[in-house]
Ligand code: UN1
C-alpha cells in the first residue's frame, strides 16, 4: 500500500491489513479474487487486497438483520444524534477523506472537498429529519374513529454505488437509512474500494462509541466482480436495494429485485441537456456550461452532454466555448488551479474515443477530445474535453458516454428545442438559459423538460442535497437525498382506531350478526 494512503486510512479507523468485509468495526477477510487498486492520476498502485466472494454476503446480511431488531426501536431523534456525531467526525476528517477521493478516483481537490461537504450536508439534513418522520392524520368517514399513518423502519438496506461519487452517494443513502431505523450493507464500486473503507472506518468508529447503536448498523462488502453485487441484490432479507450506476446495471438490478418483489431505488444514466435561448446571459451560460460539461472530467451522472443553442447565438457560444476549452487547465487533480483531472481508466478513454469516431462518421465536427500527455503525470489518462457540432438526429447524441463530450445542437424555435431536449432515453437533469419568463416557465411546466431535475439559468449538475435527486425514463425513476426521499427507507402503516362502543363499517355496509 502506498505510504500516504496507509497513513490516511489508518487515521480514519481502517486497519492496515486491508480487508474487504466490515461488520461495524469488525473487519473480516474475504474469499474472492485479488483486487489491485491503482490511482487514475498516474496509474500507480495504491493498494492490493483479497476481495469478498458472493458466499461472504450471507454472514453480513445476517448480522445486519440482527442489528435491525434493536435499532428500529431506538427513538428517531436518538438515531439522529448518532448521525449528528457522524457529521461532526466528517467535519474533522474532511481533508483526509477528500484526499482519498482525489487519489482513488482523480477528482480535483475542490470537487473532492465538495463531495465530502455533500456528506456533511446530508448528515445535517438527516438529523433534522429524525424529528420529522411525520405521518398524516386522515378524516375518518366513521363516527368516533381516527385514521392515521405511521412510518416504521423498513429493514436492512442494500446500497450499491458507482466510482464517480464514491462517498457522497453512500452518505445520501446511509444517513437517511440510519435515522429511519435501518442498517446498511454497502457494496461500493470495485474502482473505489478505499473510499468505501474510509467511510466505513469513520461511521463504524462513531457507532462503536454510541451506547444504543448495534455494531452491525453500518456494513461493507467489497467485491471484485458482479457476483457480490448480485448476491446483495438477491438477498430476500433486504427489502430495499438502492443502486447508482449504468443503465444496464440498473436494468439487471431492477429485474432481479422485482422477481422477489423487493423495492428498488434506481439512479442511473443521464444525458443532460441545456437549452440556450437568444435572450440568455451569454457569460453566465458559457461559465455554467463549462463547469457542467468539463467539470469532474465529464464523469457525473448530471454532466452536461447536450447544448441546444438558438441559431442566433450559436456562433458566439461556440466561439467562446472553443476558446475556453482550449485553455482549460488539465492535469494532476491535487495541484492547485487544475480544473480537469484524469478519466477513471483505459476503458473510459476507449469509449470516449469510440464515441468521437462515431460522431465523426455521423457528420459531426469534433473539436479537441485528444489525449493530453504534456504537463500531466505519466501513467494517467488525461484528455482535453471535446465539443462536437452535430445534427440533433445523429444517433450518438442519444447515447450517454461517461466522458467529457459536449454535443452542440442548433434550434430555431423554442418548441423545437424542447422536442430535441426530450428526445433521448434518459431523464435525469436539464437546464434552460433564458431571460424570457415564458420560456422559463414553459420549460418547468408539464409540457416542458421531462427530467427529474429542471433548472433555470443554472447548469444541470451540482445539485444541493435538500431537493429530491433522480430522474425519469432510463434514469430509473428513483429519488434520493432530500425532500421526502426518506419515505423510500420506511414502511407506512395505516391505522384505524375505533374509540366508540359501536362497530360502524366503512362504505356503510350492514353485516348484522
Ligand atoms: C452523481 O453523479 O452520481 O448534482 C451524483 C450533482 C451532485 C451529485 C451527482 N450533487 O452533480
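The values are calculated or read from the model by the stated rules, or taken from the named source; none is laboratory data. A quick note: this is a predicted structure, and the numbers were derived from the prediction, not measured. Cβ sites come from the backbone with ideal geometry, for glycine too, and all protein chains shown count toward neighbours.
Of everything in segment 468-497 that's assigned to a helix (DSSP H, G or I) and more than 16 Å from the ligand (Cβ to nearest atom), which residue is nearest to residue 125 (Cα to Cα)? Give the derivation first.
Taking segment 468-497 as the starting set, the residues that turn out to be assigned to a helix (DSSP H, G or I) are 485-489.
Now drop any that are not more than 16 Å from the ligand (Cβ to nearest atom), which leaves 486-489.
Values: 486: 11, 487: 14, 488: 16, 489: 15 Å.
Restricting to residues being assigned to a helix (DSSP H, G or I) and more than 16 Å from the ligand (Cβ to nearest atom), the top hit is 486.
Within the bounds of segment 53-63, is there any residue that is under 28 Å from residue 127 (Cβ atoms) and in contact with a helix residue (DSSP H, G or I) (Cβ under 6 Å, 6 or more places away or on another chain)?
There is at least one residue in segment 53-63 that is under 28 Å from residue 127 (Cβ atoms) and in contact with a helix residue (DSSP H, G or I) (Cβ under 6 Å, 6 or more places away or on another chain).
List, please: which pairs have Cβ atoms under 9 Å, are six or more places apart or on different chains, and start with a residue in segment 323-336 that is without any contact (Cβ under 8 Å) to a residue 40 or more places away in the chain and end with one that is part of a strand (DSSP E or B) and crowded, with 20+ Cβ neighbours inside 10 Å?
Filtered contacts from segment 323-336: 329/340.
Which residue pairs have Cβ atoms closer than 7 Å, lie 6 or more positions apart in sequence or on different chains, and pair a first residue in segment 71-94 that is farther than 26 Å from residue 8 by Cα with a second residue that is in a helix (DSSP H, G or I)?
71/217; 76/179; 79/178; 79/179; 80/126; 80/127; 80/179
Return yes when residue 184 is within 16 Å of the ligand (Cβ to nearest atom) and touching a strand residue (DSSP E or B) at 6+ places or on another chain (Cβ under 8 Å) and no when it is not. First the steps, then the outcome.
On the way: within 16 Å of the ligand (Cβ to nearest atom): no; touching a strand residue (DSSP E or B) at 6+ places or on another chain (Cβ under 8 Å): yes.
Answer is no for this residue.
What residue, among those in segment 337-353 that are assigned to a helix (DSSP H, G or I) and touching a residue at least 24 places away in the same chain (Cβ under 8 Å), is surrounded by the most Cβ atoms within 10 Å (Cβ to Cβ)? Talk me through it step by step, then tell me what you get.
Filtering segment 337-353 for residues assigned to a helix (DSSP H, G or I) gives 346-353.
Keeping just the survivors that are touching a residue at least 24 places away in the same chain (Cβ under 8 Å) gives 346, 348-349, 351-352.
Values: 346: 11, 348: 22, 349: 17, 351: 16, 352: 24.
Residue satisfying both the conditions and the ranking: 352.
Which of the residues that make up segment 273-301 are within 13 Å of the ligand (Cβ to nearest atom) and more than 21 Å from residue 384 (Cβ to Cβ)?
Initial filter on segment 273-301 (within 13 Å of the ligand (Cβ to nearest atom)): 288, 291-293, 295-301.
Correct list: 301 only.
Can you run down the residue pairs with Cβ atoms below 7 Å, 6 or more apart or on separate chains, where the first is in segment 478-503 and at positive phi and the partner is surrounded by 12 or more Cβ atoms within 10 Å (Cβ to Cβ) and outside any loop (DSSP other than H, G, I, E, B)?
Taking only residues 6 or more apart or on different chains, the pairs are 481/122; 481/172; 481/468; 481/469; 483/468.
If you go through segment 98-110 one residue at a time, how many are out of contact with any helix residue (DSSP H, G or I) (no Cβ under 6 Å at 6 or more places or on another chain) and crowded, with 24+ Cβ neighbours inside 10 Å?
4
Scan segment 252-265 and tell me whether some residue there is in contact with a strand residue (DSSP E or B) (Cβ under 6 Å, 6 or more places away or on another chain), assigned to a loop (DSSP other than H, G, I, E, B) and surrounded by 22 or more Cβ atoms within 10 Å (Cβ to Cβ). Reasoning before the result, please.
Going through segment 252-265, the residues in contact with a strand residue (DSSP E or B) (Cβ under 6 Å, 6 or more places away or on another chain) turn out to be 253-254, 257, 263-265.
Then keep just the ones that are assigned to a loop (DSSP other than H, G, I, E, B); that gives none.
No; the residues of segment 252-265 include none that is in contact with a strand residue (DSSP E or B) (Cβ under 6 Å, 6 or more places away or on another chain), assigned to a loop (DSSP other than H, G, I, E, B) and surrounded by 22 or more Cβ atoms within 10 Å (Cβ to Cβ).
Hey, among 211, 234, 225, which residue is without any contact (Cβ under 8 Å) to a residue 24 or more places away in the chain, over 19 Å from residue 101 (Cα atoms) and surrounded by fewer than 24 Cβ atoms within 10 Å (Cβ to Cβ)? Before you say what the answer is, go through the steps one by one.
Details: 234 fails: without any contact (Cβ under 8 Å) to a residue 24 or more places away in the chain; 225 fails: without any contact (Cβ under 8 Å) to a residue 24 or more places away in the chain.
Only one candidate qualifies: 211.
If you check residue 224 against the conditions, is it at pLDDT 95 or above, more than 16 Å from the ligand (Cβ to nearest atom), within 22 Å of residue 47 (Cβ to Cβ) and touching a strand residue (DSSP E or B) at 6+ places or on another chain (Cβ under 6 Å)? Full working, then the answer.
Working: at pLDDT 95 or above: yes; more than 16 Å from the ligand (Cβ to nearest atom): yes; within 22 Å of residue 47 (Cβ to Cβ): yes; touching a strand residue (DSSP E or B) at 6+ places or on another chain (Cβ under 6 Å): yes.
Yes, satisfied.
Of the residues 442, 371, which is in contact with a helix residue (DSSP H, G or I) (Cβ under 9 Å, 6 or more places away or on another chain), farther than 24 Å from residue 467 by Cα and surrounded by fewer than 23 Cβ atoms within 10 Å (Cβ to Cβ)? Explain how you work it out, then say what you get.
Details: 442 fails: farther than 24 Å from residue 467 by Cα.
Just one listed residue meets the conditions, 371.
For segment 445-467: of the residues being more than 10 Å from the ligand (Cβ to nearest atom) and within 19 Å of residue 245 (Cβ to Cβ), which is surrounded by the most Cβ atoms within 10 Å (Cβ to Cβ)?
Across segment 445-467, the extreme among qualifying residues is 451.
Could you pull out the residue among 180, 199 that is closer than 29 Å to residue 297 by Cβ, at pLDDT 95 or above and surrounded by 24 or more Cβ atoms within 10 Å (Cβ to Cβ)? Break it down stepwise before answering.
On the way: 180 fails: closer than 29 Å to residue 297 by Cβ.
From the options 180, 199, the qualifying one is 199.
Being touching a helix residue (DSSP H, G or I) at 6+ places or on another chain (Cβ under 6 Å) and either modelled with pLDDT under 95 or part of a helix (DSSP H, G or I) (or both), is that true of even one residue in segment 130-148?
Step one: list which residues in segment 130-148 are touching a helix residue (DSSP H, G or I) at 6+ places or on another chain (Cβ under 6 Å), which gives 130-131, 133.
Checking which are either modelled with pLDDT under 95 or part of a helix (DSSP H, G or I) (or both) leaves us with none.
Checking segment 130-148: not a single residue is touching a helix residue (DSSP H, G or I) at 6+ places or on another chain (Cβ under 6 Å) and either modelled with pLDDT under 95 or part of a helix (DSSP H, G or I) (or both).
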